[in-house]
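Okay, so here's the structure we're looking at.
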Amino acid sequence: MPVSLKDIGRYAALPWHCLQLATHAKSFENNPLIGSARLNALGLHVQRRQLAMAMARFRRQGMASRLEAGEREHFEENGFFMRENALPAEQFAALRAELGALRSTGWEMRQGRAVTRRVSLDRDVLGQNPATAAFIADRGVRDLIGYASSNTGGITYQLQSIIIDAANADQDPQTRLHADTFHPTAKAWLFLDDVEDDQGPFSYVPGSHRLTPERLAWEFKQSLGASRSGEQMHREGSFRIDEPQLAALGLPMPRRFAVPANTLVVADTSGFHARCASRHASHRVEIYASLRRNPFIPWRGAHLFALPWIADHHMRWDIRLKRMMGFDKRSHWRFVEALNAYEAPHI
Ligand SMILES: [Fe+2]
C-alpha cells in the first residue's frame, strides 16, 4: 500500500504527540493519541485525569496553610472561593475610577451576540494606576487563585468586558455547561459593576471540581467519542454537559453568580461552569485572572512565566508576538490598539 504524505506527516509528529501526553495538552482532535478511542478504552484519558488530580492534591497540601481555614473548606466542598466587598470601599472606588478611564492595547472577540474584550494590565499600565496595581500585587488574592489552580506564580490579569448586544439565549457558545480541561485550573473575576441575574452571570456547579467515581465513569465515556464529537470545544477537550445529566453524577444545578460590584470569585474551572444566557443587552466590566500550568509537574511555581521580569512583561510581548505570527488573522480575536473597557465594540 503506498504511503501518503499525510501518513508520513502523522508518523513524523508521533514523538511530539507522545511528549504532549506529559503536558496540559487536551485536544482530542489535534493529538491522535489523546483522541484515540482505542487508547482511551485502555484508560489513557482517565489515567491522565487521575494522575493530574493526585499531583494537584500534592501541590495544594503545601499551599493550604496560606488560606483561612473556613475559606479553604468552602473551596474543597464547592470548587470556588467568593468574597463580597473584596476590597476596602476606598480602594475599590479608586480602582474603578482608574480602570474606567484606562485606554490600553487589547483584543476583542465576537461569539454570536456576545463580545469579549480584554485589555492588557501590564507593567506600563500598572505603573500609572496604583489602586489597580495594589489589587494585582495582593498576596491573599494570589493565594486563592494559586490554590484553585494548584500552582503559584505567572497569573495573568486582564481588564475584561462582556458586551451583549441583545438577548442571546442560543447564540453564545459560552452558555453551554462545560469543564475547561482535565486538571485543576483557575479563573478569577473581580466584578467592577453589579451583575444582575438576567445579564448573563457566571454560573458554576458546586462540587463539580471533585473527581468522584461517577465523574470518572462519565469522563471515560466521553473520552471514547470526543474526537468525533459534533461540537468543536468538546473535541478540543473542554467537555460539554447538559443540565439534566448533572443529577446522574450526583451534582446539583448550577449556582448563578448574580453579585454586587466589588465581589471576587475564584473558581477551579475543571468543574462545570458556563455564562448564563442574557435576557437583554448588557455591558459589564471585571478584572479577569487566569492560571493554568502543566498538571504533571510536582513543584509549584518555578516556571518561566513566574519569573518577575517575564511575568511583568509577557502580556505585552505575547500580544506583539501573536501579531507578528499573524495570530490575529487566524483566530477569532482581533487586536485593537487603544481600548477603553466601557466603549462600544469595534467588531
Ligand atoms: Fe470555560
Checking the conditions here, which among TRP189, TRP107 is within 20 Å of PHE272 (Cα to Cα), crowded, with 20+ Cβ neighbours inside 10 Å and not β-branched (Val, Ile, Thr)? TRP189
Test each condition in (1) touching a helix residue (DSSP H, G or I) at 6+ places or on another chain (Cβ under 7 Å); (2) part of a helix (DSSP H, G or I); (3) within 16 Å of the ligand (Cβ to nearest atom) for HIS183 and report the one that comes out false. (2)
Residue pairs, Cβ under 6 Å, 6 or more apart or interchain, first in segment 259-272 and over 18 Å from ARG57 (Cβ atoms), second within 13 Å of the ligand (Cβ to nearest atom) and polar (S, T, N, Q). List them. PHE272/SER208
Could you pull out every one of the helices (runs of 4 or more DSSP H) wholly within segment 40-115 that has 3 or more residues that are within 21 Å of ALA137 (Cα to Cα) and among the hydrophobic types (A, V, I, L, M, F, W, C)? 89-101
Among the residues of segment 129-152, count how many are part of a loop (DSSP other than H, G, I, E, B) and surrounded by fewer than 20 Cβ atoms within 10 Å (Cβ to Cβ). 1
Odd one out for LEU33, checked against (1) in a helix (DSSP H, G or I); (2) within 30 Å of ARG215 (Cβ to Cβ); (3) modelled with pLDDT under 95: (1)
Looking at GLU68, GLU98, GLU108, GLU76, which one is more than 24 Å from ALA258 (Cβ to Cβ) and in contact with a His (Cβ under 8 Å, 6 or more places away or on another chain)? GLU108
Residues of segment 14-58 being aromatic (Phe, Trp, Tyr) and touching a helix residue (DSSP H, G or I) at 6+ places or on another chain (Cβ under 9 Å), which ones? PHE28
Checked against (1) touching a residue at least 24 places away in the same chain (Cβ under 8 Å); (2) more than 19 Å from PHE75 (Cα to Cα), PRO244 satisfies every condition except (1)
Please indicate, with yes or no, whether at least one residue in segment 36-43 is under 24 Å from the mean Cα position of the chain (by Cα) and surrounded by 13 or more Cβ atoms within 10 Å (Cβ to Cβ). no
Just give me the residues in segment 252-304 being among the polar types (S, T, N, Q) and within 26 Å of LYS26 (Cβ to Cβ), in sequence order. THR269, SER270, SER290, ASN294
Scan segment 274-295 for residues that are within 21 Å of GLN158 (Cβ to Cβ) and either within 15 Å of the ligand (Cβ to nearest atom) or of a type in the set (D, E, K, R) (or both) and jot them down. ALA274, ARG275, ARG284, GLU286, TYR288, ALA289, SER290, LEU291, ARG292, ARG293
For segment 247-269, give me each residue that is within 16 Å of the ligand (Cβ to nearest atom) and outside any strand (DSSP E or B). PRO254, PHE257, THR269
What number of residues in segment 237-246 are assigned to a loop (DSSP other than H, G, I, E, B) and either within 13 Å of VAL205 (Cα to Cα) or away from the ligand (no atom under 16 Å from the Cβ) (or both)? 3
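The values are calculated or read from the model by the stated rules, or taken from the named source; none is laboratory data. What you are looking at is a predicted structure, and each value in this text was computed from that prediction instead of being measured. Cβ atoms come from the backbone with ideal geometry, glycine included; neighbour counts cover every protein chain shown.
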